[in-house]
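What follows is a set of notes on a single structure, which appears directly below.
Each value in this text was obtained by applying a stated rule to the coordinates, not by laboratory testing. Keep in mind that what you see is a predicted model, and the values were worked out from it rather than measured. Cβ sites come from the backbone with ideal geometry, for glycine too, and all protein chains shown count toward neighbours.
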Amino acid sequence: MKYDKEKELFKTQLNAFAATLGDYISKEDEWTIRGFIDIFKNIYTISSDTKIISKILELHLFPHFLTFAENIGYDIELATHQNWYPDLSFISKKDRKIKFAVDLKTTYRDEEYPGFCNGFTLGSHGEYFIDRTSLKNIQYPYGEYSGHFCLGIIYSRTEIDKTEETHIYSIDEVDKIPAVIRNFLFFAEEKWKIASDKGGSGNTANIGSIQKIDDILNGNGVFSKAGEEIFDDYWANFGKIEILVNGKRKKMSSFEEYLKYRGMPMKLNNPKAKKRKLND
């Protein structure tokens with residue numbers, strides 16, 4: 001793969017950067033953001049809605065991403081449109097051909113199943129993933145990026161009394177406002193290493209992540225033994241290849257089925273990473 005040395009260096013730098021982020025957004029293990037303020041100095045508390053939390057976290061961290069990029073010799077481009085991939089394009093100041101895709105992903109711990117999180121999506125496996133020269137819903141063609149990374153935030157949700165969500169505080173009461181999230185864990189990893197073999201959300205063409213936190217931190221996804229090329233081929237053909245099961249045709253929907261179809265060894269599979277919470 002082109003720019004392999006640059007990719008390894010970028011990965012090391014991104015990991016080191018991720019390890020520092022907790023210092024910028026938390027105090028005594030709680031989120032320092034407590035609400036929205038209006039011109040009358042009224043503070044409205046934040047709900048536990050994951051979309052709201054994700055967006056505010058992104059805004060909270062963005063100035064630090066700019067500093068990080070400048071320190072390592074890169075420019076950052078934000079996605080031109082809201083649903084485009086990736087969230088951030090890192091482009092080398094010395095060689096504009098060197099680009100890395102970084103998606104910011106947040107998820108919360110599943111308190112009913114310790115050691116697991118709710119998971120997240122890792123981008124589309126649609127047109128731009130299949131056609132590496134396509135510009136549909138992507139900042140640059142997929143093939144122009146030398147690496148595709150996820151910078152993730154795993155947090156715990158705080159049980160907040162529902163009355164708190166509608167309570168209006170004054171600026172003098174800011175220390176009394178409860179934090180809706182806490183106990184942050186940051187990581188950076190190539191997305192293929194933490195991918196599952198299942199879709200990430202509803203009917204959209206998104207790649208899902210694994211859910212066991214230790215496996216996420218160690219890059220121990222379903223494809224970790226197989227490699228990125230096989231990950232690419234699996235997801236480019238997900239839901240398209242038809243296989244015969246018990247005399248009936250069905251669309252391929254698991255990595256085990258894919259390996260059988262391609263005639264590849266089962267040792268490339270990482271079944272432990274696929275285990276559901278209830279079975280672990």
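Put +1 on the Cβ of every Lys and Arg and -1 on every Asp and Glu Cβ in the chain; which of Tyr142, Phe186, Phe65 then has its Cα farthest towards the positive end of the dipole?
Tyr142
Which trypsin sites (Lys or Arg not before Pro) does the stretch 170-233 hold that lie in a coil by DSSP with at most 14 other beta carbons within 10 Å?
Qualifying residues, ordered by number: Lys225.
Can you give the Rg and Dmax of the chain based on its C-alpha atoms, in angstrom?
In order Rg, Dmax, the Cα atoms of the chain give 20.5, 70 Å.
Mind checking the stretch 61-156 for GluC sites (Glu not before Pro) that DSSP puts in a loop (not H, G, I, E or B) and that have at most 11 other Cβ atoms within 10 Å?
Answer by residue number: Glu111, Glu112.
State to the nearest 20 debye the size of the charge dipole of the chain about its Cα centre, where the only charges are +1 on K and R beta carbons and -1 on D and E beta carbons.
Rounded to the nearest 20 debye, it is 1340 debye.
For the stretch 89-182, give the magnitude of the charge dipole about the Cα centre (Cβ charges: +1 Lys/Arg, -1 Asp/Glu; no others), in debye to the nearest 20.
880
Give the lysines whose C-alpha is closer than 17 Å to that of Lys176, dropping any in the same chain fewer than 8 places away, or say none.
Cross-link targets: Lys27, Lys41, Lys162.
Which one, Leu259, Gly115, Phe36, is farthest towards the positive end of the dipole of the chain when Lys and Arg carry +1 and Asp and Glu -1 on their Cβ?
Value computed over the given set: Leu259.
Under 1.5 on a/c is rounded, so check that first for the stretch 107-167, then, if it is not, pick prolate when a/b is larger than b/c and oblate when it is not; a ≥ b ≥ c are the square roots of the alpha carbon gyration tensor eigenvalues.
prolate
Taking R0 as 35 Å, what's the FRET efficiency between Thr12 and Lys136 from their Cβ-Cβ distance, rounded to 0.05?
0.65
Just in the stretch 149-201: which GluC sites (Glu not before Pro) are loop by DSSP and have at most 12 other Cβ atoms within 10 Å?
Sparse-neighbourhood loop GluC sites (Glu not before Pro): Glu159.
Largest first and to the nearest Å, give the Cα extent of the stretch 1-92 along each principal axis.
52, 33, 22
Which net charge results when you count Lys and Arg as +1 and Asp and Glu as -1 among the other residues whose beta-carbon is under 12 Å from that of Leu244?
+3
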